[in-house]
Each structure stands twice: as C-alpha cells, then as structure tokens.
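In what follows, a structure is listed as structure tokens, so that the remarks can point back to it.
Only the coordinates and a few stated rules stand behind these numbers; no lab work does. From a predicted model like this one, the values you see are computed outputs, not experimental measurements. In this analysis, Cβ positions are derived from the backbone assuming ideal geometry, glycine residues included, and neighbour counts consider all displayed protein chains.
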Amino acid sequence: MYSIYKMADFPVPIAATDLVLPQFKAAVHAGFPSPAADYAHKRVDLNDYLLRNREASFLFKVRGESMTGVGIYDGDTLIVDRSMTPVHNHIVLAIIDGAFTIKRLYMRDGVTKLVAENPAFAPICLTDGQELRVWGVATFNLGHLLRR
C-alpha cells in the first residue's frame, strides 16, 4: 500500500513579476554596525536563483509526511519545473491514476518506482493497468525559507 500526497487542486503559475532586492557591495560584520546603504552595488532578481525556467515553473503545496527524510514537510510549497527531463533519483511530482504525489524517482534495470523518504511509507511499485506520468521535477522547497 502507498500514500498519495494531496497536492493543490491546480498548479499555481509563478507570476512573471521580478523579485528584485538590492545587493550590497560591503560585507556585513557581526560586530560593530556599518551604514551599508552607501554601498549599494546592484539589484538581484531572486527568480534568477530560484527558477530554472520561468515559463515552466509552478508552485505546489505539499500535504502529507512521506518525504520528511529529505526535508519536505506537510504545508511546504515546492517549485516544480515541467521543462526538466526526470532522471533516476530526482524528486518528482507524479500523477498516478489521476492523483498527484511527490516522491523520489527510481529508474534502474528496467524498474521504475516512486520511493518515499520516510520509512513509514512503502515505495510505489506500479502494477498492471496503473498509469504513471511525471508532471515535473521539484527544484526548490520554499518551506526551507518560510519555516520559523
């Protein structure tokens, strides 16, 4: 038996607006404060760091506990890129029999399965008649940034 993550009903496209913040030339010291505003160097677009392909990147909210071993927790938001070709060991957003799940892709010696990163969950080994589609590859977990 396996567990299917309940994902958002629809992928959420990432807005085309830039996420731009100033980057300062001066180093930040851990001691006496420095007026760093005088050293503004350039602006950094966070999309350049978080997205591999803006047009093919979507946000998904995670429900469930089967990927906690790799730091993906219930309530986290993942960036998923549809343009990437999934390969062995990628964390993928897959569709099995019409339901979304996030798992590690295993593809070796003619065997394809989806593996949870929590020992409480069994791997998903496809049986005759089951349909597996890899919707995209998870590229970043925003939950790491948002967790307090």
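Some notes on this structure:
- Per-residue extension of 0.36 nm, minus the Cα-Cα distance of R63 and D48, leaves a gain of 2.7 nm for this segment.
- V134 sits among other residues whose Cβ lies under 11 Å from its own Cβ, and their net charge, with Lys and Arg +1 and Asp and Glu -1, is +3.
- A cut-off under 15 angstrom between Cβ atoms defines the neighbours of Y106, and their net charge, with Lys, Arg +1 and Asp, Glu -1, is +2.
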